[in-house]
Amino acid sequence: MAKQQVSTDKLMNDLRLVMQDAEELLLATAGQAGEKVASARARAEDSIRAAREALAEAGDEAMERTREAVESADEYVHENPWAAVGIAAGIGLVVGMLLARK
């Protein structure tokens, strides 16, 4: 699951870079005339607009999944407080042992 999140984050970052490069290209060709250039610019602008919307939607979905995970964890802790304390103590013990090794 963490590997999938890293891949998704990298893909989102790469898409942002492509959008930035495309916007810079549009600015650089702003003075160019011609039907083909105008058509290519219009398509690029449409693609950038669609990519921005997709990024915003993906961000909203990620926030919603995070919110659901937090609510689920909160509910579990409230329903099973001693189990949560035990899990936290176990994690603390493991982290402490790893830090003591260094």
**Prompt:** Can you name the residue in the range 23-75 that is of a type in the set (S, T, N, Q) and surrounded by fewer than 11 Cβ atoms within 10 Å (Cβ to Cβ) and, of all such residues, is nearest to the chain's Cα centre (by Cα)?
**Reply:** THR66
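Look at VAL85 and say whether it is β-branched (Val, Ile, Thr), at pLDDT below 90, surrounded by 10 or more Cβ atoms within 10 Å (Cβ to Cβ) and out of contact with any Phe, Trp or Tyr (no Cβ under 9 Å at 6 or more places or on another chain).
Numbers: β-branched (Val, Ile, Thr): yes; at pLDDT below 90: yes; surrounded by 10 or more Cβ atoms within 10 Å (Cβ to Cβ): yes; out of contact with any Phe, Trp or Tyr (no Cβ under 9 Å at 6 or more places or on another chain): yes.
Yes: the conditions hold for VAL85.
The values are calculated or read from the model by the stated rules, or taken from the named source; none is laboratory data. Bear in mind the structure is a predicted one, so any value in this text is a computation, not a measurement. As a convention, Cβ positions derive from the backbone with ideal geometry for all residues, glycine included, and neighbour counts pool all protein chains shown.
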